[in-house]
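**Student:** The structure follows.
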Protein chains: 2
Amino acid sequence: MARHAYLTMKTPEEARTIWFDRLEELNVSPGEENIPLSAALHRVISRPVEALRSSPAFHGAAMDGVAVLAEDTFTASTRTPLRLEIGKKAFWINTGHPLPSGCNAVIMVEHLNVEDGGAAVVTERAAFPWQHVRKLGEDMVATEIILPPGVEIGPSELGALACAGVLRPTVFRKPKVAIIPSGSEIVSLEEAREEDLRAGRALPEFNSLVFSAMIRDAGGLPETRSIVPDDPQAIAAAISEAVAEGADLIMMNAGSSAGSRDYTPDVIAGMGEVLVHGVAVMPGKPTVLGVVRACGREVPAIGTPGYPVSGIVAVEEFVLPLLAHWQKRHVRRREFMQAVPCNPLPSRPGMEERVRVKLGLVDDTCFAVPLPRGAGTVTSLSRADGIIRIARDCEGINAGEKVEVELLRSREQIEGALLIIGSHDNSLDLMDSLLRRSHPGFSLTSAHVGSLGGLLALKKGQCHLTGSHLLDGATGVYNRAAIREHLKGEPAILVHLVDREQGFIVMPGNPLAIRDFRDLCRDGDSAVRFINRQRGSGTRVLLDYELRRLGLSPSRISGYRDEEYTHMNVAAAVLSGRADAGLGVRSAAVALKLDFIPVGIEEYDLVIPLRYAQDRRILALLEVIRSAEFKRRVDAMGGYGTSRTGNILWEYHGN
Amino acid sequence: MARHAYLTMKTPEEARTIWFDRLEELNVSPGEENIPLSAALHRVISRPVEALRSSPAFHGAAMDGVAVLAEDTFTASTRTPLRLEIGKKAFWINTGHPLPSGCNAVIMVEHLNVEDGGAAVVTERAAFPWQHVRKLGEDMVATEIILPPGVEIGPSELGALACAGVLRPTVFRKPKVAIIPSGSEIVSLEEAREEDLRAGRALPEFNSLVFSAMIRDAGGLPETRSIVPDDPQAIAAAISEAVAEGADLIMMNAGSSAGSRDYTPDVIAGMGEVLVHGVAVMPGKPTVLGVVRACGREVPAIGTPGYPVSGIVAVEEFVLPLLAHWQKRHVRRREFMQAVPCNPLPSRPGMEERVRVKLGLVDDTCFAVPLPRGAGTVTSLSRADGIIRIARDCEGINAGEKVEVELLRSREQIEGALLIIGSHDNSLDLMDSLLRRSHPGFSLTSAHVGSLGGLLALKKGQCHLTGSHLLDGATGVYNRAAIREHLKGEPAILVHLVDREQGFIVMPGNPLAIRDFRDLCRDGDSAVRFINRQRGSGTRVLLDYELRRLGLSPSRISGYRDEEYTHMNVAAAVLSGRADAGLGVRSAAVALKLDFIPVGIEEYDLVIPLRYAQDRRILALLEVIRSAEFKRRVDAMGGYGTSRTGNILWEYHGN
């Protein structure tokens, strides 16, 4: 298996400078064009725009009233009211209309007495010259520069251009970005057949959709071209064709790494030059930057990694800055906020690492819950509220250490979010959806660490509430003992969310005929491969409680140490054949059309510190939980009881 | 002239609540639709989206290497390396490919020794189960909610939808907004003939262009309909037609005020109900909100004021929030910053007032320079960096008082701006344009208060530099005496910008045969109407110096007290026939094709405090000033000398 070596690894900034400098040398840029105003929104002015006409184009009335020559009115006062004959010394005028010649002021209708059925008016005060008059050129004078280059045309700029008579402004041409997806197992989204995906025979291509959207938002003109197999000749041909059709930038995805089938670097080198291969950022490392020559043109080319999260980093670090560079602009910097990670974030020195996080503002501290770092984890993109950058020279960030986080959502969205850390239940996502719909601006951000982890996070002030189903083995009562033990000093209310059926999730038909906990300990041919939940989760507590009660040793269960973090992932492990059984809630089994062997009903509650009980977001959440719609939809998931949902079960006074 | 009374004036928030509540009662909303992913960017999810497939769809390799059953490798160590035969206990695998059945781990190729030409591999460490494996459902499990309602679909959300197999998400339908321009003197932009505009016979209609852009950016579907004359029947017919064609919101512009030709309120009342007429905000007051009934439907209607700045406020306060409300979202709040107005901002109590300002961050204070408040001033929109709101119960803001300013530009753009307050010269706009082009991110914001005002602002630390041409009558030398007098304690450098010709700006052909300052004092039929510059401006100093030198009294000059703030406005006053002559620079006369009678050459310099002399933005500006392009383009404007441009003339040590 041949391995291509990465060139010396550059930081993203170094890599960008090398690429841009070379493009400047080669004088590569998409140029300018004239466009009508109807197509100008969000385009970027490329040269100073001069007004073609003055505005106002005449001396006009700024008020309804009469136009006069101010000098005619200088004698007017309350003691010596002045009568002006309409049509001689005064002329009715409406706002916006031009002054009759010889006039230089307007007296408001409110300050006039009308006499003789409108034939004359009387004023008790003198008008000063140019009073209530919009003078010619007051707003802009023809030939003045009204917009400088580099300005993005927004609604106001459209108004200024139109007002100045500039109906076809000169703007930077939109850079045409050809996105060429490559990979022999890649199929288009529309052609992806379910059975091929499940068998791993096909991978649906959607990076081009994501990249196109990013490029479009940055003022580029993306064009996704046909999928090319892993074949150097085919890749080179696809690049040549895109150049021939006018691409300003070639973007290969993927094949940019250093594996045996990663042809992008060699193809770019063969058609021109590779300037950078490998960038010191995770994810995003296997990026290649260069220039290709075809059809007598030199065109920048980038090879981006195939994993979506890595690919996005490459687009953000190189493609968007190039588009901005061509339009003489800066990439708009995102807002930053100080945050405290809930967990330590280890990192490999030598590489800058970007960790996507969810955020929750608890009291005045913004807590960051890291999302999975896998470069293929698409939900880490759609769920993220922010990004923490761990510097190249750093071994990571400790829990509790303050760091800067780059915001992917607005500050208000983060301020409107309730952070729930604790046990996982499928109804939490439903709560979030209903909360957002009934109270726009509010949302529920959840992180799954199990019931015990949730109580500990709550005690540390890292979240607004927690979801818990901790069985006290001694009393058979849920949550109260654990709250007394772990929340000491923090008065709280215990709100019932749901009763839920726990049981074994097994393949349809229950092929191993599992009936109770004893079956997990079978030996030999009928042995059961179990998939467990993590320590501290309520489900794990339930399992261990039952095993103890029945005198069964965990060591007898195959897979006892194989852990997942959510009910859905337990069900997925069973569905995939990785395990024969797991303990979880019925709704997870129902969702994936698996069988379910109930072992009992448990209580799942929300624990809310008393000091948040009147928080607007909490009140909205309780409203949602108590709504008929929430109960109806929870019931529909299967295995839930909602007769007590929303009831306050207990007030804990902190001792 | 009949006047319709405004209903009791509501605050914008009260007005919004009344309107929205009524629409909720009537159950008016555009509903939902399913759309393909290719059209989904920036659309808003309307109901919880569940994953249709799990991702990954199989257990796949996360690294290149060999797939194994982890349990087979448990004996491997550096002392007891383990040999695995390819095709039996180990299988070559590439990243992303599915594990062969029976395998549950991947060993990276970097950790293997290949033997027998690839027939076997040797590992020195045990693999743990699921090592380097992306497990089925690790990212998302089918049926899980992946996106809640109210979320705007961005690039990441597109990825999540595609990955989940949701190729036609359900989103809120784009509200269709019919914009109906009205006014008998209004013509479309394309049909506006220059001579009609100048005579005030026609007003070009461009509000619809501005409003459409705002509505499009907010996720609406604007449609500008034909211009309607000021006629109640015609207006009602246009509204009915728009409703018949499916409008979700009717927007009349203008005729919403209380004048004799403002038919919008009555037409809306006649077709349904007026809920609000008149809002306590300036500009924006004459807004009307209601509901019309036509074609069996109830449709919200808004009448917006005709002046662009007022109209925009009405769109921001009512139209955009309604679009957001329909999509279960909040209007994204702009960023705020603390700023200090350079001038006092008086305001009328009882009305909230919005003042658009330019901003400059000098040392650590953000200074706000108010732009003209006229509701028709389009450049106050395109030039504004921010908006200061003066509360309803407040009589204004004092100079130096700290206020919150709503940012219309990014913080970085404001940080990159140099603020020059002082004398006006046409070359300043050119400097700004060239600076932006050569140094993206930097810009020059200028405010014109005259040379003396500029020096005073510089001394107060309100700007980064000033432009000055103050003649010392005693010595005939420019600027040095004024700097010694007004900048005491602030060391500075004096950088030459341009020499420029001052003279009389007169109508083409110089019909009054003006030759020198004595001609301004003529009496009788040959008298000259003069347009002056404001006190403190260098040009005014020059005029007064010459009058004194010649023993002429200002009282002999007609129009001596009629003041303008820029050379261009002086030229415009002459062009419009408001005055016969003004004193100004040749370039202003050239720009408007007027005649110019030179009276002398003056020196226009930049004054830069020494403590900014090494500021990156100042260095960039000096680079621009010294460039051949700047000099060439200044020369082309006419009346300028650039032989000393960019030279440091003098270093002032502060005493």
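**Student:** Using only Cα atoms, figure out Rg for the stretch B:369-414 and give it as a multiple of 2.2 N^0.38 Å.
**Tutor:** 1.26
**Student:** I would also like to ask the following. Across the stretch A:79-89, in residue order, what do the Karplus-derived ³J(HN,Hα) couplings come to in whole Hz, using 6.51 cos²θ - 1.76 cosθ + 1.60 with θ = phi - 60° and x for Gly and Pro?
**Tutor:** Karplus-based 3J(HN,Hα) across the stretch A:79-89 equals 7, 10, x, 10, 9, 10, 7, 5, x, 10, 9 Hz.
**Student:** As a test question: what accessible area, to the nearest 10 Å², does B:Val166 have when a 1.4 Å probe is rolled over all protein chains in place?
**Tutor:** Per-residue accessible area (B:Val166): approximately 10 Å².
**Student:** Could you tell me the distance between the Cα centroids of the stretch A:310-355 and the stretch B:544-612, to the nearest Å?
**Tutor:** Value for the Cα centre distance between the two parts: 52 Å.
**Student:** Can you pull the accessible area of A:Trp19 for me, 1.4 Å probe, Å² to the nearest 10?
**Tutor:** A:Trp19 exposes around 0 Å² with every protein chain in place.
**Student:** Follow-up. Distances from A:Glu191 to the same residue in each other copy, label points 7 Å out along Cα→Cβ, in nm, shortest first?
**Tutor:** Once sorted, the set of distances for A:Glu191 reads 5.2 nm.
**Student:** Another question, if that's okay. Give the ranking of B:Phe58, A:Phe504, B:Phe91 by solvent-accessible surface, highest area first, calculated with a 1.4 Å probe.
**Tutor:** B:Phe91, B:Phe58, A:Phe504
**Student:** If you don't mind, another one. Taking Cα pairs under 8 Å and at least six residues apart, what relative contact order does the stretch B:1-144 come out at, in percent?
**Tutor:** Here the relative contact order equals 31 percent.
**Student:** Taking each residue of B:411-421 in turn, how many C-beta atoms of other protein chains fall within 10 Å of its C-beta, and what is the average?
**Tutor:** 1
**Student:** Which value, in Å² rounded to 10, gives the accessible area of A:Cys295 with a 1.4 Å probe and all protein chains present?
**Tutor:** Result for A:Cys295: roughly 90 Å² accessible.
**Student:** At 1.4 Å probe size, put A:Leu26, B:Leu197 in order of accessible surface, largest to smallest.
**Tutor:** I get A:Leu26, B:Leu197, largest accessible area first.
**Student:** Using θ = phi - 60° and the Karplus curve 6.51 cos²θ - 1.76 cosθ + 1.60, what whole-Hz ³J(HN,Hα) does each residue of the stretch B:200-209 get, with Gly and Pro shown as x?
**Tutor:** x, 7, 9, 10, x, 8, 9, 4, 5, 5
**Student:** Express as a percent, rounded to the nearest 5, the fraction of DSSP beta bridges in chain A (both residues included) that run antiparallel.
**Tutor:** About 70 percent, rounded to the nearest 5.
**Student:** Tell me: how much accessible area in total is hidden between A and B, 1.4 Å probe, Å², nearest 100?
**Tutor:** Accessible area lost upon association: around 9000 Å².
**Student:** Moving on to the next point. For the Cα atoms of chain A, what angle does the longest principal axis make with the long axis of helix A:450-459, in degrees from 0 to 90, nearest 10?
**Tutor:** Long axis of A:450-459 versus the principal axis of chain A: about 50 degrees.
**Student:** Against the longest principal axis of chain B, how steep is helix B:232-244, in degrees 0 to 90 to the nearest 10, with axes from Cα atoms?
**Tutor:** 20 degrees
**Student:** Tell me the distances, shortest first, between B:Arg611 and the same position across the other copies, using label points 7 Å along Cα→Cβ, in nm to one decimal.
**Tutor:** Sorted ascending, the copy-to-copy spacings read 4.2 nm.
**Student:** A further question follows. Mind checking the dipole of the stretch B:233-359: about its Cα centre, +1 per Lys or Arg Cβ, -1 per Asp or Glu Cβ, Debye to the nearest 20?
**Tutor:** Dipole magnitude for the stretch B:233-359 comes out near 520 debye.
**Student:** So, one more: As a test, work out the antiparallel percent of DSSP beta bridges whose residues both lie in the stretch A:338-465, rounded to the nearest 5.
**Tutor:** Antiparallel bridges make up about 65 percent of those DSSP assigns within the stretch A:338-465.
**Student:** Using a 1.4 Å probe over the heavy atoms of the protein chains, calculate the carbon and sulfur portion of the accessible area of chain B as a whole percent.
**Tutor:** 49 percent
**Student:** Going through the stretch A:598-655, which chymotrypsin sites (Phe, Trp or Tyr not before Pro) have at most 16 other Cβ atoms within 10 Å and a DSSP loop state?
**Tutor:** none
**Student:** A follow-up question, please. Could you please state, rounded to a whole Å, how far the C-alpha centre of the stretch A:195-216 is from the C-alpha centre of the stretch B:118-176?
**Tutor:** So the separation of the two Cα centres works out to 11 Å.
**Student:** Then there is this: Please compute the modelled spin-label separation between A:Arg632 and B:Asp635, points set 7 Å along Cα→Cβ, answer in nm with one decimal.
**Tutor:** 8.0 nm
**Student:** Over 24 Å between Cα atoms, which of A:Lys10/A:Lys176; A:Lys402/B:Lys402; A:Lys328/B:Lys631; A:Lys358/B:Lys402; A:Lys135/B:Lys10 qualify?
**Tutor:** Among A:Lys10/A:Lys176; A:Lys402/B:Lys402; A:Lys328/B:Lys631; A:Lys358/B:Lys402; A:Lys135/B:Lys10, the Cα-Cα distance tops 24 Å for A:Lys10/A:Lys176; A:Lys402/B:Lys402; A:Lys358/B:Lys402; A:Lys135/B:Lys10.
**Student:** Taking loop as defined by DSSP and a crowding limit of 12 other beta carbons within 10 Å, which trypsin sites (Lys or Arg not before Pro) in the stretch A:399-501 fit?
**Tutor:** When the trypsin sites (Lys or Arg not before Pro) of the stretch A:399-501 are filtered for loop state and at most 12 Cβ neighbours within 10 Å, A:Lys402, A:Lys488 remain.
**Student:** Which value, in Å², gives the accessible area per residue of the stretch A:1-81 when a 1.4 Å probe is used on the protein heavy atoms?
**Tutor:** 51 Å²
**Student:** At a 1.4 Å probe radius, which order do A:Leu435, A:Leu552 fall into by accessible area, largest first?
**Tutor:** A:Leu552, A:Leu435
**Student:** Karplus couplings for the stretch A:538-549 from phi (6.51 cos²θ - 1.76 cosθ + 1.60, θ = phi - 60°), rounded to Hz, Gly and Pro as x?
**Tutor:** Whole-Hz 3J(HN,Hα) from phi for the stretch A:538-549: x, 5, 5, 4, 4, 4, 5, 4, 5, 4, 4, 4.
**Student:** Helix B:427-438 against the longest principal axis of chain B: what's the angle in degrees, Cα atoms only, rounded to the nearest 10?
**Tutor:** 20 degrees
**Student:** May I pose another question? Return, ordered by residue number, the residues of the stretch A:477-510 whose backbone nitrogen is under 20 Å from a label point located 7 Å along Cα→Cβ of A:Thr365.
**Tutor:** Residues A:486-492 qualify, since their backbone N sits under 20 Å from the label point.
The values are calculated or read from the model by the stated rules, or taken from the named source; none is laboratory data. Source: prediction; values computed, not measured. Note: ideal-geometry Cβ built from the backbone for every residue, glycine included; neighbour counts use all protein chains shown. Just the protein is used for accessible areas: all its heavy atoms, side chains included, with ligands, DNA and RNA removed. Shrake-Rupley method; radii C 1.70, N 1.55, O 1.52, S 1.80 Å.
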